[in-house]
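The values are calculated or read from the model by the stated rules, or taken from the named source; none is laboratory data. These numbers come from a predicted model, not from an experiment. Cβ placement follows ideal geometry from the backbone for every residue including glycine, while neighbour counts extend to all protein chains displayed. Remember, those area values only see protein heavy atoms, side chains included, never the ligands or the DNA or RNA. Shrake-Rupley method; radii C 1.70, N 1.55, O 1.52, S 1.80 Å.
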Amino acid sequence: MLPHPETYFINREISLLQFNERVQAMAQNQAVPLLERLRYLCIVSSNLDEFFEIRVSSLKEQIHQHAHQIGPDGLTPQQSFEHVHRTVHRLVDEQNHLLMETVLPALKAEGIGVLFPREWTGRLRDWAYQTFQREVFPLLTPIGLDPAHPFPRVYNKSLNFIIELEGEDAFGRLGSVAIVQAPRALPRLLPVPSEVCGLERGYVLLSSLISAFVGEVFPGMGVLGVYQWRVTRNSDLFVDEEEVTNLRQALQGELSQRNFGAAVRLEIDLSAPMHLAQFLQKEFQLNEHDTYRVLGPVNLSRLACLCHTTARPDLLFPEYRPPVPAPFDRLVEDQPAKLFAAIAKADRLLHHPYQSFQPVLSFLHAAAIDPQVRAIKQTIYRTGEDSELMALLLLAARAGKEVTVVVELMARFDEQTNINWASRLEEVGAHVSYGVVKHKTHAKMALVLRHEEGEIRRYGHLGTGNYHPRTARLYEDFGLLTAHPGICADMDQVFAQLTGLGARRELNYLLQSPFTLHTAILQKIHREIAHAQAGKAAKIMVKLNALLEPTVIEALYQASQAGVTIRLIVRGMCALRAGVPGLSENIQVRSIVGRFLEHARVYYFANDSQEEVYLASADWMDRNFFRRVEVAVPVLAPRLKRRVIKEAFTLAWRDNQLAWQAQPDGRYTRVSNSKPAHNVHEVLMQRLGEQYEHVDPASMGVAT
């Protein structure tokens, strides 16, 4: 008997928090290098910031507007919120204790110490006081709260202090409560000379300096207590794209207010008395559920800078330098014709970060300097503030190429960076478009139009990840360089849709959201069902960041019941329940969390042994199917298709070190740490990296 329909789906917020629990498990793992353990804690802290800024703020809006509406997971917004706050409180408590009682003491034993006031020697206290007086005190603005001094406007996630005072000031005012805001211009972590702290690398938090010496700001008053705190605010932007005449101007206006949205979380020092916490709760219209007591710094992610040191490679993952694969390793930059000839000869598959991102940059560099190239068309979702790729597009525009760039201004938390790039591109004569109203451009495409033998030939790059050279060293993604006439013609059609107007254009190879991707996926799932019912080979394998869209999940349930073998590698949110008798017993779901961020989207359908493989920009979520421009490109070359199947699925499914298996109740358990050890990240570095030495799997994130 099938479960009740309300139990078919797992709550998306809880599923996302479970992913963060898996990341935090890497910080708990004693086999992971120490600075990497700290990095994982910082990643979880940063993830939780965004979770509150976007997801929790959305939940609160749902509670306000649709309090009794039941979602696909069978929960009302209020019930979902209650699940969330219980889970986050547990996760944060574990995070605090892991940082303060395990990771920081272990780092101190290695000569890298964050020194709190209780540990200061007389010499260190003198240094701290002098540093405070010289660098901090002049920038502090104390605010004593009274009718003439209302509560200050507090910036999203800024470091603040609430101070309880006693005594009488120069004007006869009795001390009560004051607020001090930490200057945003100051670093949160200050290095201490080794001769002062006795450590090779010692640090003091800005919050420690202010806490220790804030009495200097209130001369003649008694300081009863000093407690750090910060608030997290709703950071989702609202721009009515149909009402504005200039999206960029409207977005810039909204960005200026992002850091002052409604408060959704209060973090406060664990030692703060209840009456001060309640004072802040009242000020920000929060309650005890929204309040998180912090054992260490209120912004743990500020400690990530400790992980950037190269002085202690033994405390980091072994260095890996991704090789430039053939034939790009043999091509000379000032001979662009040879690069295009190599792509024309055969499609080229790239698997980052195991292989270098350099071929993509070389592709665009060749386009920028080749006199035969007439035009370059590019989508940009995230690329970073200092981007070599964007510099190449600027170079091409200055060289007189027709450069068209579709910049997604609504790429969350990268809006200002993308606005800046759009301005710079326009200054050199590039054609800049912002895509389509109400549909984020999330497709990853670069198209080069080159004049050859009296006609224009197209060359394209399509990928599963952003055009971001830095994250290409950290995120696992696939990219395809191709001169296939049909695929490149489809790319040109998509660009025409993004920059111009006109009827929907039929594509022959690419699957595209919001038009054909969702329908095509459902058709391919039902085709596998028909094959299974006919006794033919029927199998579906998918690699995603998130799986949430209900109709696709329901189709996968139907496929499972028809006997289709389904293997899903879903890094983060997954609303599908795997392994439920009568519903999904033929579905297995795994999540891989390790050195690199699993980011590729790959779709596989057995199709009665006529295997189909797609590389895509889209996860299987409502927004990707219906509210974004996405593309999925078929891998046509048999050799490359075999590579994708092996590298995306076969090797990943053998992993017994980084993999977690989803259970029918939605929980995840580690895949058995059996022998021999198989770590998919290490295996791919060895297979695709030329000079990577084998290391003990324990140093790569093996479960203990």
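Of all DSSP beta bridges in segment 556-661, what percent run antiparallel (nearest 5)? Walk me through the numbers on the way to the answer.
Numbers: 11 of 15 bridges.
Taking every DSSP beta bridge with both residues in segment 556-661, the antiparallel ones total about 75 percent.
Going down the table (438/543; 60/438; 438/536; 536/641; 157/440), which pairs top 32 Å between alpha carbons?
Working: 438/543 27 Å; 60/438 23 Å; 438/536 42 Å; 536/641 21 Å; 157/440 27 Å.
Over 32 Å Cα-Cα: 438/536.
For the chain, calculate the relative contact order in percent as a whole number, restricting contacts to Cα pairs under 8 Å that are 6 or more residues apart.
Numbers: 1328 pairs, mean separation 87.8, N = 704.
Relative contact order of the chain: 12 percent.
Pick out, in residue order, every one of the GluC sites (Glu not before Pro) in segment 383-461 that is DSSP loop and has at most 12 other C-beta atoms within 10 Å; say none if there are none.
Values: sites: 385, 388, 402, 408, 415, 426, 427, 452, 453, 455; in loops: 385, 408, 453.
The qualifying sites are 385, 453.
Of 482, 507, 416, which is farthest along the charge dipole of segment 414-510 in the positive direction, counting Lys and Arg as +1 and Asp and Glu as -1 at C-beta?
Working it through, the farthest residue towards the positive pole turns out to be 416.
Of 444/539; 539/646; 338/646, which pairs sit farther than 20 Å apart, going by alpha carbon to alpha carbon?
Values: 444/539 27 Å; 539/646 15 Å; 338/646 30 Å.
From 444/539; 539/646; 338/646, over 20 Å: 444/539; 338/646.
Give the long-range amide H neighbours of residue 678: residues separated by 5 or more places, or on another chain, with amide H under 5 Å away, using H modelled in the peptide plane at 1.01 Å from N.
When sequence neighbours closer than 5 places are left aside, the close amide H contacts are 656, 657.
What is the magnitude of the charge dipole of segment 385-484 about its Cα centre, with +1 placed on the Cβ of each Lys and Arg, -1 on the Cβ of each Asp and Glu, and no other charges, expressed in debye to the nearest 20? Before the final figure, lay out each step's value.
On the way: 12 positive and 14 negative charges, 33 e Å.
Using Cβ point charges on Lys, Arg, Asp and Glu, segment 385-484 gives about 160 debye.
Quote the relative contact order of segment 375-508 in percent (integer), defining contacts as alpha-carbon pairs under 8 Å separated by 6+ residues.
Numbers: 224 pairs, mean separation 33.6, N = 134.
In percent, rounded to a whole number, it is 25.
Please sort through the DSSP H helices of the chain and keep those with an alpha-carbon extent of at least 30 Å along the long axis and a Kyte-Doolittle average not below 0.5.
none
Rounded, prolate or oblate for segment 72-231? Axes are the square roots of the Cα gyration tensor eigenvalues, ordered a ≥ b ≥ c, and the cut-off for rounded is a/c under 1.5.
oblate
Please label the shape of segment 4-50 as rounded, prolate or oblate, based on the square roots a ≥ b ≥ c of the eigenvalues of the alpha-carbon gyration tensor (a/c under 1.5 means rounded; beyond that, a/b larger than b/c means prolate, else oblate).
On the way: a/c = 7.02, a/b = 2.28, b/c = 3.07.
In terms of gyration-tensor shape, oblate.
Would you work out which of 434, 264, 496 lies farthest towards the positive end of the dipole of the chain? Charges go on Cβ: Lys and Arg +1, Asp and Glu -1.
496
Heavy-atom accessible area per residue, the chain, 1.4 Å probe: how many Å²?
Values: 29210 Å² over 704 residues.
With all protein chains present, the chain gives 41 Å² per residue.
Would you please give the residues with an amide H less than 5 Å from that of residue 406, counting only those at least 5 places away or on a separate chain, with H modeled from the backbone geometry?
Here 378, 379, 380, 433 satisfy the definition.
Using helices alone, I'd like the mean residue ellipticity at 222 nm for the chain: each DSSP H run of four-plus residues gives -39500 (n - 2.57), total over residue count, nearest 500.
Details: 21 runs with 229 residues, N = 704.
Helix-only estimate at 222 nm: -10000 deg cm²/dmol.
Under 1.5 on a/c is rounded, so check that first for segment 345-444, then, if it is not, pick prolate when a/b is larger than b/c and oblate when it is not; a ≥ b ≥ c are the square roots of the alpha carbon gyration tensor eigenvalues. Each step should come with its number before you reach the end.
On the way: a/c = 1.72, a/b = 1.18, b/c = 1.46.
Note, shape of segment 345-444 comes out oblate.
Within the chain, which is the longest segment containing none of the chymotrypsin sites (Phe, Trp or Tyr not before Pro) that sit in a DSSP loop and have at most 11 other Cβ atoms within 10 Å? Walk me through the numbers on the way to the answer.
Numbers: sites that count: 171, 238.
By the stated rule (loop sites, at most 11 other Cβ atoms within 10 Å), 239-704.
Among 203, 215, 15, pick out the residue whose Cα is farthest towards the positive end of the charge dipole of the chain, where Lys and Arg carry +1 and Asp and Glu carry -1 on C-beta, about the Cα centre.
Of the candidates, 15 comes out farthest on the positive side.
Amide H to amide H under 5 Å from residue 202: which residues, 5+ apart in sequence or cross-chain, H placed 1.01 Å off N in plane?
113, 192
What share of the DSSP beta bridges in the chain is antiparallel, in percent to the nearest 5? List each step's numbers first, then the result.
Numbers: 71 of 103 bridges.
Among the beta bridges of the chain, antiparallel pairing accounts for roughly 70 percent.
Mind checking the dipole of the chain: about its Cα centre, +1 per Lys or Arg Cβ, -1 per Asp or Glu Cβ, Debye to the nearest 20?
Numbers: 74 positive and 78 negative charges, 315 e Å.
Charge dipole of the chain: 1520 debye, to the nearest 20.
Counting only protein heavy atoms, what percent of the accessible surface of the chain is carbon or sulfur at a 1.4 Å probe?
Values: 14400 of 29210 Å².
Heavy-atom surface of the chain belonging to carbon and sulfur, 1.4 Å probe: 49 percent.
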